[in-house]
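Data block below; observations after.
Readers should treat all values here as calculations from the given coordinates under stated rules, not as data from a laboratory. Keep in mind that what you see is a predicted model, and the values were worked out from it rather than measured. Cβ: placed from backbone, ideal geometry, glycine included. Neighbour counts: every protein chain shown.
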Amino acid sequence: MSSLEEKINEAKKLSLQIVKDTEDDRLMTLSVGPQHPGSGHFRFVIKVDGDYIVNVDPDPGYVHRGHEKMCEYRNYFQNLPQLERPALHDSSNILYSYCLAVEDLIGITVPRRGQFIRAIASELDRLVYTEYWLAIYGIFLGHSTMFMWPAGDRELIIDLFERFSGHRVTHCFSIPGGVRNDFPYNFKEKCLTQVNYFEKRLKEYEHIFYNNPLLRQRTEGVGILSKEDAIKLGVTGSVLRASGVPYDIRKVEPYDIYDEIDFNVQYMKTCDSFARAYVPYLDMLESCHIIRQLLDKMPESGDVREKLLGNVKGPPGESYKRVESGRGALGYHIISDGTSRPYRVKMSTPSFRNLMALPFLLVGSKLGDMPPIYWSLNYWPIEADR
Amino acid sequence: MGSITPDFRFGNFVGSVIQLVLVILSLVTVLILPIIFFTLFFVPLPVVNGQVLTPYLFFSMVVDPARTLPIIKFLIHTDLFRAAVFPGFTFAALVAAATIFIERKLLAKMQLRVGPLYAGKIEGIFQLVADGLKLIAKEIIVPSGADKPIFWLAPLLFVSTSAAVVSLIPVAPGWVVANVNVGLIATFGILGFFPLITLLFSWASNSKYPFIGGLRALHQMVAFEIPFFLSALPVVILSASLNLSDIARSQNIFWNILIMPINAFVFYISSLAELERIPFDLPEAESEIVAGWLTETSGMIFGLIQLGSYLKLYALSALFVILFLGGWYGPQIFPHELIPGASTSNIPLLKIFALDGLYNAVTVNSIFWFMVKTSAVILIMLITRGINPRIRIDILLHTGWYKLIVLTFINLFIVLTLIYSGILGPGGMISPK
């Protein structure tokens, strides 16, 4: 029973020892960098001894854009379009917690219909994000069909977004006080049809991808992140739930109308790369279930937005709100000094927290295990770099 | 699409075309024809239809359709034609090109895409031509510090080695470039060169990712060569021959896959590994090691290696057909004469249309069935790319060295039992002619 710190220290010592002991020509330094097709906008330098990874040096910051600093020069509404950039295919969720924090700061409540619409947009965006992530996960395991199918089925949901917000991906739909506009005429039926068909398509993924024996062989038992380690490393979202911790912000800190919705927190106890790939898939199925409930319980008419001044000012103070995004708990800490611009906006991004587990999981694994471990962490480099 | 330039005159255009044709014609008469005649004067010429094939006779035969058939018949039985055109390189390269196109369309249909669409009017049929022209036009970048002679030589070696495998494959009775008595061993021997070429090229590239890719390719091919050889062993025992034509001929009663399905499966898996196709494309795993041993290739070097690997795909599929699927045997569906009664009639035009003396029903039928079976095997090899992810190197080595080798022995013992009990094999109860 060794604690996490001891384990990490041991691994570090061991890897340093290997680096020191072996001659330079025995170890090979590979830059899995921004120009490498296997990493996205992110670099990590790995040292391999034969086929084993002995040292990992993550180096985030390639796409750092200073969104937090930019927030201090714009007012609360002007911040919206630039804050959805870090995770633009999950823009409803990355704006959701910002809106919640600003509403908490100003002290307003959103009309009931607005809350429902915001929750539906959030769940739909979770589907869009997870499909995108699943496509990338598939292609980096060499499964090209699993790249094309989710990337194509994502269009079903994007069509819905185009219908009610006017934009396909970066729609900037949630704003402080509610949502930008009401659903169009006949949207409920259209949404139900699309989501039902989408769910039918999801069932097929299981046949072609998750039940494939070669995939199971490759991902099961790889990159084990035990329950204790996961909690201590502070990972969140699907990574945490794949390690056997049923922790979902929608359940433990219900925001808006999520306390009225009946849903299960999806988690697995196998703690491996396969579980981390399977939990988001289960989340998608659960999201379809939630969307149907939300559409069912939504009030037929009413305001969707609390009217605010264009240059809204809050009292001096601070607020912190978080939501369950596609990657995990996403929080905003906003400090106001009473002017129309925030004094400080701090984003707590799930991607950066999941990155903490990367060196811990990669050291000691094989080079061929690098893609399934790295991409199963539900890591989006642009969001982590902010 | 394109617009006509303002100073365009149709008369000028026609005039320039006529001028060009005149220049070419005069060049041909003044220079090229004398050179051809002069060369042919020193070459010993063959006898066709009782006449020595002089250049004069050759041209008269080309002009007179009735005398064209014998010369074509003579030409298609020359070694040059066989090596360069029909069972040899050109044919295999065309099959490879068709394979690439079908692979792209098939994969696209599996993945709910359309695939190549714009080049060529029908379903992007000229996409491959466009890609080839693009690859030829591209600059070839040689990495600094690369071993230049080997870097340039390895792609050529890759293609020529693939073509050497193709040359051993018989497509119909008597239709083979090199009818070797130890054809099967020769095939495996030539296939053994591929890891060497791969390793040489990856080493010559002087780059990290190609080096890892080359080592992976070496491991993979060596691990899968042994089950590859062993899976063909019962076939050799049963047909009592190493000649590929004899092996195909020994299956005129039943196909070998009926009594050795496990070996056929092992052979299929091993050839996937030899071809570095998904799920065994570890040497080119793009998410781990960029593009593996192909990372530093560019332009036509990449094109040649692709051509070589698809030639290899055709060769291994054809080998599968010869070893397990009964070679060229199939029901006779072609008529014995293209036009009934043409060979006995006196009308010369009828004889030309019936391809008299050139058309052989058995050969055409054999080629047809051989190609049908080979296409089916190629399709089965292509389809794995759409449904499987890549596997890991340790699982691959475990599969190759342990599982597949054990599997091959099961069928070996079954075949030996059947032969010793006097049911199969030469002189057995069920034996070929």
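Where does each of B:31-44, A:168-181 land if you order them by average Cβ count within 10 Å, highest first?
A:168-181, B:31-44
Partner shielding of A:360-368 amounts to 3, given as the average count of beta-carbon atoms from other chains within 10 Å of each residue beta-carbon. With loop membership from DSSP and a limit of 11 other Cβ atoms within 10 Å, the longest segment of chain A without GluC sites (Glu not before Pro) is A:24-299.
Residue by residue through B:277-286, how many Cβ atoms from other chains fall within 10 Å of the Cβ on average? Per residue, the average neighbour count from other chains is 3. In a simple Cβ point-charge model (Lys, Arg +1; Asp, Glu -1; nothing else charged), chain B has a dipole of about 460 debye relative to its Cα centre.
Measuring nothing but how far apart in sequence close Cα pairs (under 8 Å, 6+ apart) lie, relative to its length, chain A scores a relative contact order of 25 percent.
At a Förster radius of 56 Å, what calculated FRET efficiency corresponds to the Cβ-Cβ distance of residue A:10 and residue A:301, to the nearest 0.05? Please report the intermediate quantities before stating the final value.
Values: r = 62 Å, r/R0 = 1.11.
E(calc), rounded to 0.05, equals 0.35.
Could you work out the local net charge near residue A:336, counting Lys and Arg as +1, Asp and Glu as -1, over the other residues with Cβ closer than 10 Å to its Cβ?
+1
For chain B, the convex hull drawn through the C-alpha positions has a volume of 222 cubic angstrom per residue. Over the protein assembly as shown, all Cα pairs binned in 10 Å intervals from 0 give whole-percent P(r) values of 2, 10, 17, 18, 17, 14, 10, 7, 4, 1, 0, 0, listed from short to long. Of all complete DSSP H helices in chain B, those with a Cα span along the helix axis of 20 Å or greater and a mean Kyte-Doolittle hydropathy of 0.5 or more are B:10-27, B:89-110, B:148-167, B:208-239, B:299-324, B:361-387, B:405-420. If R0 equals 56 Å, the separation of the Cβ atoms of residue B:43 and residue B:7 corresponds to a calculated FRET efficiency of about 0.65. Under a Gaussian network description of chain B, with springs only between Cα atoms under 10 Å, the residue in B:270, B:202, B:345 that fluctuates furthest is B:345. Computed over chain B with a Gaussian network model linking Cα atoms closer than 10 Å, the most mobile of B:384, B:399, B:54 is B:54. For chain A, the longest principal axis of the alpha carbon atoms and the long axis of helix A:187-205 meet at an angle near 10°. Among the residues of A:142-153, the average count of other protein chain beta-carbon atoms within 10 Å of the residue beta-carbon is 5. For region B:294-317, the residues whose amide N sits under 20 Å from a probe point set 7 Å from the Cα of residue B:137 along the beta carbon direction are B:298-304.
Count Lys and Arg as plus one, Asp and Glu as minus one, and take only other residues whose Cβ is under 13 Å from that of residue A:174; the net charge is then -3.
With the convex hull constructed from alpha-carbon coordinates only, chain A shows a mean projected area of 19.4 nm² over all directions. Summary of the geometry: region A:145-205 and region A:252-301, compared by the centres of their Cα atoms, lie 16 Å apart.
Of all DSSP bridge pairs formed entirely within chain A, close to 100 percent run antiparallel. In a simple Cβ point-charge model (Lys, Arg +1; Asp, Glu -1; nothing else charged), region A:67-385 has a dipole of about 340 debye relative to its Cα centre.
Straight-line cross-link partners of residue A:346 among the lysines, defined as a Cα under 27 Å from its Cα and at least 8 positions apart when in the same chain: A:69, A:232, A:251, A:307, A:313, A:321.
Pick from B:182, B:159, B:171: which is most flexible by mean-square fluctuation in a GNM of chain B where alpha carbon atoms under 10 Å apart are linked? Largest GNM mean-square fluctuation: B:182.
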